[in-house]
Amino acid sequence: MSGVCVRNECDHDLDTAPLIEAVRTALRMHGDNKPPDGRVSIVLTSDERVRNLNRRYRGIDRVTDVLSFPALPHGIGEEEPDLGDLVLAIPWASRQADRAGHRMMDDLTLLVVHGTLHLLGFTHNDDRGSDAMRAAQSAVLQQLGVPPENARRLEQLSETEVWT
């Protein structure tokens, strides 16, 4: 099963087991084109670090809740493949959960599921991709016991508010 590494660079004392389970569940349910035993790294970090990464790699100079960085193929034989990295802005996610009225761990789980689906090739660049992403995300969240409607509430918040 998937190797998931979590690095907590924040002052928040978080139980990372639900995040690891979120990655594994998303890979098990939707990893048709990727090996289900690939490694995923999760970095729990500051708003400023995520803002810097967003600026550097996406050209967007603002913080966001989660960034996904798919691994480049390395072609090294039997070694467990890297699927990529997820970087979460914990202070941002905490404020976002408060504004949405959700438990922080539910929102972090949602962000990890969303990011993992990006590592698997899901996108939301058009209506078809958005529909597929939403359906996959909802299925994983249901399996994990997280209300799928939380995702819609966060989408609505991000459409109406930009926090810097």
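The values are calculated or read from the model by the stated rules, or taken from the named source; none is laboratory data. All values reported here derive from a predicted model rather than from experimental measurement. Neighbour counts are summed over all protein chains in view; Cβ atoms, including those assigned to glycine, are modelled from backbone coordinates with ideal geometry. Surface areas here come from the heavy atoms of the whole protein model, side chains and all, with no ligands, DNA or RNA. Shrake-Rupley method; radii C 1.70, N 1.55, O 1.52, S 1.80 Å.
Close amide H partners of GLY84, meaning residues 5 or more places away or on another chain with modelled amide H under 5 Å apart, are SER41, ALA71.
Cα centroids of region 6-22 and region 123-146: 22 Å apart. Kindly express, to the nearest 10 degrees and within the range 0 to 90, the angle between helix 17-30's C-alpha long axis and the longest C-alpha principal axis of the chain. Helix 17-30 sits at roughly 60 degrees to that axis.
In whole percent, and with a 1.4 Å probe on the protein chains, what portion of the accessible area of the chain is carbon and sulfur? C and S fraction of accessible area: 46 percent. Each of ALA139 and ARG152 was given a label point 7 Å from its Cα along the Cα-to-Cβ line. The distance between the two points is 1.9 nm. Helix 90-100 axis versus longest C-alpha principal axis of the chain: approximately 60°, rounded to the nearest ten.
Seen against the Cα atoms of the chain and their longest principal axis, helix 47-58 is set at about 60 degrees.
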